[in-house]
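The structure appears right after this line, and notes come after that.
Laboratory data are not the source of any read-out in this text; all were calculated from the coordinates shown. Note that the coordinates shown come from a computational prediction; the quantities given were computed from them, not determined experimentally. Neighbour counts are summed over all protein chains in view; Cβ atoms, including those assigned to glycine, are modelled from backbone coordinates with ideal geometry.
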Amino acid sequence: MLRTIMIALAALWCSTALAQTPGEALADSVAINAQVFSVASDPYPAHPVAFSGGVTGIPDLTYQILPGYRPNRLDLYLPPASFTGPRPLIVFIHGGGWVGGGNRYSGAFANWPDVLATMARRGYVVAAVSYRFSGEAPFPAAIQDVKAAIRWLRANAERYRIDKARVVTMGGSAGGQLSALVATSCGAAALEPPAPTVSGAATVERPRAGVADPARESACVAGAVAWYGIFDFHTLPASATSAAYLGCKDRPCTEAQQLAASAVHYLDAKTPPLLLIAGSEDHLVPPRQTSDFHAAIQAAGGRSQLRIIPGVDHSFIGATGEATRAASRAALAQTVDFIDALIGDK
């Protein structure tokens, strides 16, 4: 009898010793990589948003992580499944004086995400990007971020059904400046995103990209739309906002600093087509920035379309609500027609 009890106790002890604790069971159930991958392989489950007409929105995709800065993110709008094959890409760059704003706002439009989703419904992949503000990092940080986003999107072209050859940018104000600068500065080494410089094993503080490799992709585009943008800082009246952006708020900006951020500085006959729209009564950014840039493009042998909308201020704000709505609709209609003609399905 005693022998039987001892055998039973021994068996119980062994089974207890071999049983996993809840922590051990949980730890055994998770997958662990051989390295740290923090970019282009975000493991958080996608939280898609359904827009009308079969458009799917995927918010807050991380396209870049730079040590010392918050992750850079973008919102993606995917066209209905009825559009087959690789789709053309529109990259929206928001305004806000390089100090604020957001990729879900533009001018007086009440629901900008819905506008972008409407563009996606026409068969486009639309990306609305964020970038570092001048208070975080001055020029060329913002343009490097936008180019990094374009590279990331191309690196993930298969996943999101993007046609790498059909990419345009669009933006207003500070976003218009960045949109035009992307288009004109193809291959400008000083404006390209910095190459990763990770030595030794990757860590969360020093992440490496995942499977997709944006560094191998191009940031050049087939064209651009710029609403009420700044294209020549050398002729722009000095302001604290532009000085902070250029990185010279504590001292006079040099001509080299002004030229480096000016789309007009990079013009040549290879510049892709641009659509330029501004209001005739713009008191924040002189409308001559737009008309002079158009003339410079023509002189350089490039192609551009110019529209100065009479009677409206910055952001197409008119004297009445109806004037604002009419100008905003006119700018949007011409923008869609321009993009359709440039990269749309023929």
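Can you name the residue in the stretch 304-346 that is of a type in the set (Ser, Thr, Tyr) and in a helix (DSSP H, G or I) and is also nearest to residue 180 (Cα to Cα) among such residues? Checked the stretch 304-346; the qualifying residue nearest to residue 180 (Cα to Cα) is 335.
One residue stands out in the stretch 58-100 among those that are out of contact with any Leu (no Cβ under 9 Å at 6 or more places or on another chain) and aliphatic (A, V, I, L, M): the one that is farthest from residue 220 (Cα to Cα), namely 81.
A quick yes/no check of all residues on (1) touching a residue at least 12 places away in the same chain (Cβ under 8 Å); (2) buried (at least 24 other Cβ atoms within 10 Å of the Cβ); (3) in contact with a Pro (Cβ under 7 Å, 6 or more places away or on another chain); (4) assigned to a loop (DSSP other than H, G, I, E, B):
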| residue | (1), (2), (3), (4) |
| --- | --- |
| 83 | yes, no, no, yes |
| 90 | yes, yes, no, no |
| 95 | yes, yes, no, yes |
| 99 | yes, no, no, yes |
| 102 | yes, no, no, yes |
| 106 | yes, yes, no, yes |
| 109 | yes, no, no, yes |
| 114 | yes, no, no, no |
| 123 | yes, no, yes, yes |
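Criterion applied to 268, 232 was being touching a Ser or Thr at 6+ places or on another chain (Cβ under 9 Å), under 28 Å from residue 166 (Cβ atoms) and in a loop (DSSP other than H, G, I, E, B), and the one residue passing it is 268. Exactly one condition in (1) surrounded by fewer than 19 Cβ atoms within 10 Å (Cβ to Cβ); (2) out of contact with any strand residue (DSSP E or B) (no Cβ under 7 Å at 6 or more places or on another chain) is false for residue 244; which is it? Among (1) surrounded by fewer than 19 Cβ atoms within 10 Å (Cβ to Cβ); (2) out of contact with any strand residue (DSSP E or B) (no Cβ under 7 Å at 6 or more places or on another chain), the lone unmet condition for residue 244 is (1). Looking at the stretch 159-166, is at least one residue basic (Lys, Arg), assigned to a strand (DSSP E or B) and in contact with a strand residue (DSSP E or B) (Cβ under 6 Å, 6 or more places away or on another chain)? The answer is yes; a qualifying residue exists.
Taking the stretch 146-177 as the range and being under 12 Å from residue 91 (Cβ atoms), surrounded by fewer than 24 Cβ atoms within 10 Å (Cβ to Cβ) and either of a type in the set (Asp, Glu) or touching a Leu at 6+ places or on another chain (Cβ under 8 Å) (or both) as the test, the residues that pass are 162, 166.
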